[in-house]
Structures are given as structure tokens and as C-alpha cells.
1. List the pairs from Lys65/Lys178; Lys125/Lys175; Lys65/Lys129 whose alpha-carbon separation is above 23 Å, in the order I gave them.
2. For Glu13 and Val101, calculate 0.36 nm times their separation in residues minus their Cα-Cα distance, and state this gained length in nm to one decimal.
3. Would you mind estimating how fast segment 21-101 diffuses translationally, via Stokes-Einstein at 20 °C and 1.002 mPa s with the Kirkwood radius over Cα pairs, in µm²/s?
4. Quick one: how many Å² of Trp49 are accessible to a 1.4 Å probe, rounded to 10?
5. Using a simple spin-label model with points 7 Å from Cα along the Cα→Cβ vector, what separation in nm is obtained for Ala83 and Met60?
6. Per 10 Å bin, what percent of the C-alpha pairs of the chain does each bin hold, from zero upward?
7. Quick check: convex hull of the Cα atoms in segment 87-176, volume per residue, rounded to a whole Å³?
8. What does the extension gain come out to for Leu183 and Thr141, with contour length at 0.36 nm per residue minus their alpha carbon separation?
Amino acid sequence: MLWCAEELGLTYEHINAGGTFGVVSDPDYLAMNPNGLVPCLKDGDLVLWESNAIVAYLAMEYGAKTLYQNDSRVFSRSIQWMAWTNEHLEPPLHTLVMELVRLAEALRSPEAVEPARTEIANWLKVLDKHLENQSYVCGDTFTPGDITTGASVYRAHLFDACPPCLSNITKWQKKISKRNGFLRHVAPREFHLG
């Protein structure tokens, strides 16, 4: 969601929460996000949680022309790829994050790692094929679908789950990785591996 805010040139206050930062179990935070998870957005009197909902809102509220050409079909295709990422890439990526980074060594299940990598690689073949004749996930222009999908694919690269033979993904990642929002809010390895 921070990448999206950056794309739109929005001014915002970022409060670190979750993990070692705490905050997510504070009563005030739980009043906004009863899940006690990040992210959470407060924009005026609107409170939203869940990354895809936040990115979609920011795009609709502040970036209709910038991020989806004010075209509901482009926006819908963006949502399609955001949902695809959430449904197919995020569950095995979560397995890798937990098993390789977050869980204490004694609690890890090393046998879960390779099946998660294989699942991610298989789904990424779908994306690679989709990118065969277009620059971005929704065509020739950058959209919200590139934000959430791009961040997840980058994480898959960091966890050695993206086969190098997926040349269309490689070209697409090279393009989106030059964007300021990506460089500032996605690229730092410690955001994923720390």
C-alpha cells in the first residue's frame, strides 16, 4: 500500500506496527483493525485493512487517471490480478516466510519449503505466459495490479521460488523495480528477510 501511495505522490504518516514494533494489540488499533494485523489505513473517517482493499481505495480515490486511466475494465483487471496473487502466490509465500525467517528454528518444518517453492513456480508460469505480449499485468500501462503482484513476485525471487527461465516476468520485474515506490517500499531485502 505504501508503494501505491508513493505512485500517487500522496503525503502520509507511516507508523510501524506489528512484529517487534507492537501496536497491533493496543485497544485503539484493534478498534480500527479487529484482526490485530497490518496494514491498516486511516484516511479521514475511513478505516480500511487488507492490502488489496487499501490499494484499490487509494487508486479509486486518488489515482483513477494515473493508475487505471479511469477505465472500469482496466481497474477490474487490476483487481483480478490482485486477487490471483492473494489466492495463489501469498499462501505458499507465507509458508516460506514462516519456515525460513520468522519461526524459531525448533518450530520450523523444513519439509514444507520445497513444496511451497514448487507451487509458487507453477503459478508464476501462468503469469509469465500472460506477460508474453504485454508490458504490465493489465496491458501496456502500470496499474494497481502491478503493485501487489509485483511485490509478491519480488518476494518469490528473494526466496528462490521464481525460476530464471521465466523471461517475461524477468523483463516485467526489471521495469517495475525502477519505480520509486518499489525502490523505497519493496526493494529493501530486510523488509522480507528480517
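The values are calculated or read from the model by the stated rules, or taken from the named source; none is laboratory data. Not measured: the values here are computed from a predicted model. Glycine gets a Cβ as well: all are built from the backbone with ideal geometry, and neighbour counts include every protein chain shown. Only protein heavy atoms, including side chains, enter the accessible area calculation; ligands, DNA and RNA are left aside. Shrake-Rupley method; radii C 1.70, N 1.55, O 1.52, S 1.80 Å.
1. On the way: Lys65/Lys178 21 Å; Lys125/Lys175 19 Å; Lys65/Lys129 28 Å.
Long pairs (Cα-Cα over 23 Å): Lys65/Lys129.
2. Working: separation 88, 0.36 × 88 = 31.68 nm, distance 2.77 nm.
Result: 28.9 nm gained on full extension.
3. Numbers: Rh = 14.6 Å.
Approximately 147 µm²/s, per Stokes-Einstein.
4. The accessible area of Trp49 comes to roughly 90 Å².
5. Between Ala83 and Met60, the label points sit 1.4 nm apart.
6. Taking all Cα pairs of the chain, the binned fractions are 9, 34, 37, 18, 3, 0 percent.
7. On the way: hull volume 7.7 nm³, N = 90.
In segment 87-176, the Cα hull volume divided by residue count equals 86 Å³.
8. Details: separation 42, 0.36 × 42 = 15.12 nm, distance 1.87 nm.
So the extension gain works out to 13.3 nm.
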